[in-house]
């Protein structure tokens, strides 16, 4: 009782405020599993304001398909009718918790509340496993899109998140997949630098971009090294075909973005060189 009484005052004390990690779940193997499981609830929240409302006249489950015809031929009518009722009942239970019954669209306040819930869950999922490729990129996307995110962090918060992700992922040498996440975070930082060039007085130079391009090459090299080791030890075969295909697609995409980033830096360098030549001539 004493702990419960003082816990609130301790939690609200800014001087001793620290990132909470109950039972050490964050960044643990259990956290990696929970991070994958979090994608389901996040997806439900994401689409909750986009679903159309259901009315009493709708019967979305009463459809005819080849499978239903085959079932009717192989089962007696009474048994088939009972099975249909059970199937419809179970499908109704699965969607009842998220179905919208209000015919009116969501209000701006409700939409913002839903976006805040998504953002909180994305941050929570990221903290569970900062090396998770999909969760990191989704959270980064929220921080850089003003129409989605609900906190005024935008570029500074996204840049800090990307750098933290790079530092964390490059320390993991037992799995090639975190290196892909580090590469994605590096490319996100390069994108922020490219967008900064649209400002009247850019903060980043092409030399800084070259440094992060070199860091991107380091991430790709680390992925290749660990991946080759996994090929020799057979660790890749321990993953499902879907997971291996995801890694291949992400690796291919990262190489394409890397090539486009280098071309962008070259164009910026040529533009600045041309501008300096014109200034010297004048």
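The values are calculated or read from the model by the stated rules, or taken from the named source; none is laboratory data. As the structure is a prediction and not an experimental result, all values here were calculated from the model. Here Cβ is always computed from backbone atoms with ideal geometry, including for glycine, and neighbour counts include all displayed protein chains.
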Check: Out of curiosity, is residue 184 buried (at least 23 other Cβ atoms within 10 Å of the Cβ), at pLDDT 95 or above, under 13 Å from the mean Cα position of the chain (by Cα) and part of a helix (DSSP H, G or I)?
Finding: yes
Next item on the list: Restrict the check to the stretch 99-108 and report whether at least one residue is under 12 Å from the mean Cα position of the chain (by Cα), at pLDDT 70 or above and part of a loop (DSSP other than H, G, I, E, B).
Entry: no
Notebook entry, point to check: All but one of (1) at pLDDT 95 or above; (2) touching a helix residue (DSSP H, G or I) at 6+ places or on another chain (Cβ under 7 Å); (3) closer than 26 Å to residue 139 by Cα hold for residue 193; which doesn't?
Noted result: (1)
Margin query: Yes or no: the stretch 205-223 includes at least one residue that is more than 24 Å from residue 164 (Cβ to Cβ) and surrounded by 15 or more Cβ atoms within 10 Å (Cβ to Cβ).
Written below: yes
Check: In this structure, does residue 229 turn out to be surrounded by fewer than 18 Cβ atoms within 10 Å (Cβ to Cβ), at pLDDT 95 or above, within 20 Å of the chain's Cα centre (by Cα) and farther than 30 Å from residue 270 by Cβ?
Finding: no
